[in-house]
Every structure is written in C-alpha cells, then in structure tokens.
1. Within segment 369-400, count every residue that is part of a loop (DSSP other than H, G, I, E, B) and open to solvent by less than 30 Å² (accessible area, probe 1.4 Å).
2. Of the residues that make up segment 84-98, is at least one open to solvent by 50 Å² or more (accessible area, probe 1.4 Å) and either of a type in the set (A, V, I, L, M, F, W, C) or more than 30 Å from E339 (Cβ to Cβ) (or both)?
3. Taking the stated definitions as given, is D123 buried (at least 22 other Cβ atoms within 10 Å of the Cβ) and of a type in the set (D, E, K, R)?
4. For segment 44-52, state whether one or more residues are outside any helix (DSSP H, G or I) and either within 26 Å of M328 (Cβ to Cβ) or touching a Cys at 6+ places or on another chain (Cβ under 6 Å) (or both).
5. What's the total number of residues in segment 358-381 that are among the hydrophobic types (A, V, I, L, M, F, W, C) and under 19 Å from S346 (Cβ atoms)?
6. Quick check on segment 28-42. Is at least one of its residues outside any helix (DSSP H, G or I), within 21 Å of W157 (Cα to Cα) and β-branched (V, I, T)?
7. For R114, are the conditions met, namely being open to solvent by 20 Å² or more (accessible area, probe 1.4 Å) and within 23 Å of the chain's Cα centre (by Cα)?
8. Step by step: first the residues of segment 37-87, then only those that are without any contact (Cβ under 8 Å) to a residue 60 or more places away in the chain and among the acidic types (D, E), then the one that is farthest from A122 (Cα to Cα). Which residue is that?
Amino acid sequence: MAYSTTMLAWSVIEFGKFMGADLKHALDAIRWGSDYFLKATSIPGIVFAQVGDPYADHSCWQRPEDMDTPRTAYAVSRDHPASELSAEIAAALAASSIVFRKYHLAYASRLLRRAIMVFDFADKYRGSYNDSLGPWVCPFYCDFSGYQDELVWGAAWLLKATKRPYYLDYIDQNIHNLTNFAEFGWDSKDAGINVLLSKLLINNTSSDSKPFIFNAEKFVCAVLPESPSVSVKYSPGGLLFKPGGSNLQHTTAISFLFLVYAGYLKKTNTEIDCGGNVFASPTRLRQIARGQVDYILGSNPLNMSYMVGYGAKYPERIHHRASSLPSMDEYPPHVGCKEGSFYFESQNPNPNLLTGAVVGGPYLNDSYADHRADFVHSEPTTYINAPLVGVFAYFKSHSP
C-alpha cells in the first residue's frame, strides 16, 4: 500500500501535467493513502503495519460489506521494528508532500514532518518486519530483499522533499548495501532509487550522481532486448517477464522507470552505451515502454486487454471477492465466510466489473486461462496499477 501510494505520487510529480481532468482523481487516491499513513503513524515509536488476520481473511470469500473476520491490528515498535515498512511509509509521505505543496501547503508540511519522524524511527530502530511480525505477515507479505533498500529509498524521497545535505550524506553512506540494481517493485527499490537520484542530482557537478547513473544505465541495459547484458525474458508476443508471480507488476514498474529515465537522458542529451554497438536513446526507452503498455491493452497474440473493462476482450473471472460476488442490491442477505465459495468456484464471469483493474497477466507463452483460482495471473493489485497512472498520462499526450 505504501509503495502504491509512493508510485501514485511519483506519477503526479513526473506526469501530472498530462493528466488533465483526471489529476483530481489521482490526488484523491494519494490523499486516501497519505491520510491512512498519518493515522498509522500518529503514536511516536509505533507504526501500525497491518489490519486483519491474513489467514482468516484468505480463508473466506466474502463481500467487504459482509466481512466478519477479526480486524486485529498489528503494530511494530522500538523493540519489534520493521525498517522496510516504516521507511516505505516515510517515502510515501515525503512523495505525497511534494504533490500537495501546490494545492494544500499546510497538509503538505504535515506530511513532510511525519515523513521525517517515521524515517528516523525506521533508521534508529533497525530490523525486519519478517522477524517482528513474521507469523502474521508471512507467507503472504514477506519481505525478501531486506530493509536496506527501503532506508535508502526513504532517504532519497526526503532528499527530494527537503534538499537537506543530511539525506545525501545518508545515501552515500548506505548505498553500498544495495546490490539488486535491476530490481524494482513493492519489495525491492534499487532500480527506482538509481533512476530517482540520477534525475534529482542532474545539476550536481560533483561525483555524487555517478554511482546512481552507472547503476541506472546497467538497469536499462539489463532490460533492453537487444542488449548483450539483457537479463529479463520476453514472451513471443513481446511482453517483459521476470521471475515470480503477478508478472505485470514488473512490466508496469519498469515501463514507468524507462519513461522517467528517458526524460533524464533527453535533458542531458545523452545515450546509454550497452556494449556490442547497442545504444539506448530516450526514444528507444519510450518505445520499449509504449510496447509494454500496448501489449497490456490488447496488442498481443490473444488480442486481449489485461485491463478489466477496456477493449472488446478482457479477463472476466478475476481473483477479486467484491467483483465475483453478487452486489448487495442483487442479493441483500449476508454471505458467510464459506458461503462465497460457490461464487469463487463458479465458471461464470464476475457479475461486477472492476473497471480499470490490471491483472497479473499471461503466461510466458502469451496464453491466459482466465481462471479465478489462478491468482498468480488473474488477481489485480494496486502495485500493478499504480505505476501505470503516470505512464498512461504520458502516452495520452504523446503520440507514437
């Protein structure tokens, strides 16, 4: 949730000028998240990490209006820290503060003050929430990449929000802990850090920006299909693939970073030398991002849009409770925990369209089964959708 909020805020920072009337909706979505994080961090030394027992929630298939599973709240503290969670919340608050400076200065200042406080907590009391809350957050939401990347990510956003040298010094002292230069998503922030800082330090004439530029360019070359150092796979239809479930989370996040870095390359009038006489220009980066977005929206071997409600053909049996169960208007009686299983197992299309939701996506061979139980491919998530907001805004205003 914090990563999704950070990405929505970054989308507005980079591409808000292209959003038109939809900018208001983006701001509303960001504020919904930032308001929640203000509440979740309102007690100094405490960060609320999760509400609800994940085992109980996952065992039930119910409408949100019918949910009667425990709403247990789980928090982390000085004695039981969660640096990755706390630092990502700090990043979300700092990024959101930048967005709201134009519209609500007092609110933006409040967000920034809280971001500083939560980051200090994350850094001073270091530890993983796998250790503090492991029995309740794993196996569903485990952290697999450690918390060092989130600490640097949080510092990077605070540097952007405050311009304080302290945060640049902090980044310089901790950047050696980052080793996954080609990874970016809700769990690993490395590539995002390098892209963000390359652009942030664009006018810095010292050597401060060099490691970030170097690693950002390594990331680009690891994704570019014609690069000799490419480390990702592409489906026969051209969709980018990385290991793990919900593959479109990688596609959307990398497309976003490519667009942002293309802007950096254009400003500096540079190209990336990937070796083997392969050069990545701003135009090529945008072309890659555009190809991924077009695939998601239907330019693929199945002619299927992976965004629900968009195009003539899209997933109809998505792994989403409220979408798959009858609405309160259609069926007013309470649906119990296991009573919803009938709808989960049904082969019928979901009765309620979750318009705009992007699912996990197809298999590596470009096939898609459209099974509700196949959550790896049929489940929509906020962290898939969030990076697309800025990407869509850019391409809406820029023809191929």
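The values are calculated or read from the model by the stated rules, or taken from the named source; none is laboratory data. For clarity, every value in this text was computed on a predicted model and none was experimentally measured. For neighbour counting, all protein chains shown are included, and Cβ atoms are generated from backbone atoms with ideal geometry for every residue, glycine included. Ligands, DNA and RNA are excluded from the accessible area calculation, which covers all protein heavy atoms including side chains. Shrake-Rupley method; radii C 1.70, N 1.55, O 1.52, S 1.80 Å.
1. Step one: of segment 369-400, the residues part of a loop (DSSP other than H, G, I, E, B) are 369-374, 379-381, 398-400.
If we keep only those that are open to solvent by less than 30 Å² (accessible area, probe 1.4 Å) as well, we get 370, 372, 380-381.
Of the residues in segment 369-400, 4 are part of a loop (DSSP other than H, G, I, E, B) and open to solvent by less than 30 Å² (accessible area, probe 1.4 Å).
2. As a first pass, look at segment 84-98 and keep what is open to solvent by 50 Å² or more (accessible area, probe 1.4 Å): none.
No: segment 84-98 contains no residue that is open to solvent by 50 Å² or more (accessible area, probe 1.4 Å) and either of a type in the set (A, V, I, L, M, F, W, C) or more than 30 Å from E339 (Cβ to Cβ) (or both).
3. Details: buried (at least 22 other Cβ atoms within 10 Å of the Cβ): no; of a type in the set (D, E, K, R): yes.
Answer is no for this residue.
4. Narrowing segment 44-52 to residues outside any helix (DSSP H, G or I): 44-52.
Those left that are additionally either within 26 Å of M328 (Cβ to Cβ) or touching a Cys at 6+ places or on another chain (Cβ under 6 Å) (or both): 51-52.
Within segment 44-52, one or more residues are outside any helix (DSSP H, G or I) and either within 26 Å of M328 (Cβ to Cβ) or touching a Cys at 6+ places or on another chain (Cβ under 6 Å) (or both).
5. In the first step, residues of segment 358-381 are kept if they are among the hydrophobic types (A, V, I, L, M, F, W, C); the result is 358-359, 364, 369, 373, 375-376.
Now drop any that are not under 19 Å from S346 (Cβ atoms), which leaves 359, 369, 373, 375.
Result for segment 358-381: 4.
6. Applying the first criterion (outside any helix (DSSP H, G or I)) to segment 28-42 yields 41-42.
With the extra rule that they be within 21 Å of W157 (Cα to Cα), the set shrinks to 41-42.
Those still in the list that are β-branched (V, I, T) too: 41.
Among the residues of segment 28-42, at least one is outside any helix (DSSP H, G or I), within 21 Å of W157 (Cα to Cα) and β-branched (V, I, T), which makes the answer yes.
7. Details: open to solvent by 20 Å² or more (accessible area, probe 1.4 Å): yes; within 23 Å of the chain's Cα centre (by Cα): yes.
It is true that R114 is open to solvent by 20 Å² or more (accessible area, probe 1.4 Å) and within 23 Å of the chain's Cα centre (by Cα).
8. Looking at residues that are without any contact (Cβ under 8 Å) to a residue 60 or more places away in the chain and among the acidic types (D, E), I get D57.
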